[in-house]
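Here, each number is a calculation from the coordinates, and none is a lab measurement. All values reported here derive from a predicted model rather than from experimental measurement. Glycine also receives a Cβ, built like all others from the backbone with ideal geometry; neighbour counts cover every protein chain displayed.
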Amino acid sequence: MKVDGINEPNGNAYGLLKTKPEEEAPQNTAPQETPPVEGEQAEEDDCKGVLELLQQGHFKGVADVRLRINFAEEIAALEQEKLQALTATGTGGIAESITGIVDSFVAENDLADDQATGIAEAQAALAQALTTAGQGPTAELTDAFAQFIERLQELMPPPPEPPERPEPGDPGTDPAGEPEPSPWQTLVENLQAAFSTGLEALSNSLSQLEVLPPLSEPSGNGVAYEKFLAIYNQMQVQPPGQNLDAQEPTVE
């Protein structure tokens with residue numbers, strides 16, 4: 001059998017072997033993930049490297065300020081990530097303390113079915129609120145706890161009528177003759193103390209949140225440093241993301 005072109009001088013057999021067009025392969029219509037472009041991956045790695053060096057205080061003077069301006073969005077995202085982590089840890093500690101107090105109260109007291117159910121429902125609602133707050137600071141956290149206490153107070157049995165002239169040693173009185181707090185009142189007081197302690201600890205940790213060390217002092221060109229610093233300070237009261245390239249001062 002003779003294949004055209006295979007015996008010809010300098011013939012290219014590969015191009016002549018096809019005697020009819022090939023059928024098109026069926027197209028795969030399923031969505032496929034696009035692999036990251038090599039340049040984009042390198043840029044992302046460079047960005048991470050710069051952020052790590054900024055966190056280590058590697059850059060000084062003008063370079064320190066300018067890089068904080070150029071990577072403002074990445075720094076803000078890092079701050080948000082750490083803020084959410086701190087909040088989740090703090091609210092988790094509050095939830096753990098409240099759970100321990102409530103579980104002990106339920107185990108030590110003979111509760112009616114509606115009381116036990118009401119406590120469980122109130123506790124579940126508070127747990128949901130704490131979980132939501134763990135995604136970031138929220139002013140609704142204190143309100144959620146106040147609603148939790150209100151629901152518990154609604155479940156409290158009415159206090160017994162005190163004697164007209166209580167004496168020390170009378171049932172329901174302390175050594176001074178004052179009415180003793182009921183287990184429900186003690187529960188509420190313990191919960192309020194635990195919540196206040198946990199909330200204060202959370203507030204302190206959030207107030208101390210810093211992802212970068214303090215700005216370094218100017219070195220060399222102090223005029224350029226002051227100009228970049230003015231831009232940086234302005235960005236602290238404006239959301240990042242605007243194009244600041246046009247606002248950058250000219251370093252002479």
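Each of S97, V62, I119 was scored by the projection of its Cα onto the charge dipole of segment 42-122, and the greatest displacement toward the positive side belongs to V62; charges sit on the C-beta of Lys, Arg, Asp and Glu. Modelled this way, with points 7 Å down the Cα-to-C-beta line, the labels at S203 and Q55 are 2.9 nm from one another. Only Cα sites of segment 57-131 enter the Debye sum here, all with the same form factor; the resulting log10 I(q)/I(0) across q = 0.27 1/Å is -1.17, listed in q order.
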